[in-house]
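This report refers to the structure that appears directly beneath it.
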Amino acid sequence: MIFGNKYKNIGRRKTAVSKINICPGTGKIFINSKTLLEYFHYNPRCEFIILQFNPLLILNLENNYDVFVSSKGGGVSAQSDSIKLALSRLLFNSISEEDRKKLKLEGFLTQNSKKKERKKYGLKKARKASQFSKR
């Protein structure tokens, strides 16, 4: 959605929800008022996901926009995936047809719908049962 020269969108993964705002700038990324490297300081996998598989990098727009993210819920891995989805959805509305194909081929526009399976009664976890005994 476009609001003046700011762009807003939402991405979800498991229980993580990320609200993202981008505006023209120098390429800085802030997540919950912290820089990207400060926020994912203890999880190198998430840094790798955001830095290497960023939709802005694929489209060569990384130095054109500042990204401001508010992320809640889930773990840092789910949050990084929800940020990636929100950013790619937002860019999808304002880019050319060729760039849209790039995002689709890379799989940025596909929401991963897997969630935690609920625990069933009579079982220890969602599928773990006690050992069966014949006698």
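Quick look at the values:
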quantity	calculated
Top-ranked residue of region 34-51 - restricted to ones that are of a type in the set (Phe, Trp, Tyr) and buried (at least 17 other Cβ atoms within 10 Å of the Cβ), ranked as modelled with the lowest pLDDT	Phe40
Qualifying helices (runs of 4 or more DSSP H) (wholly inside region 52-122; at least 3 residues being open to solvent by 90 Å² or more (accessible area, probe 1.4 Å) and not aromatic (Phe, Trp, Tyr))	97-106
Residue within region 13-33 that is in a helix (DSSP H, G or I) and either open to solvent by 30 Å² or more (accessible area, probe 1.4 Å) or free of Cβ contacts under 8 Å to residues at least 60 places away in the same chain (or both) present	no
Meets criteria (free of Cβ contacts under 8 Å to residues at least 40 places away in the same chain and within 13 Å of the chain's Cα centre (by Cα)) for Asn63	no
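The values are calculated or read from the model by the stated rules, or taken from the named source; none is laboratory data. In this text, all values refer to a predicted model and were calculated from it rather than measured experimentally. Note that each Cβ is placed from the backbone with ideal geometry, even for glycine, and that neighbours are counted across all protein chains shown. SASA here: full protein model, heavy atoms, side chains in, ligands and nucleic acids out. Shrake-Rupley method; radii C 1.70, N 1.55, O 1.52, S 1.80 Å.
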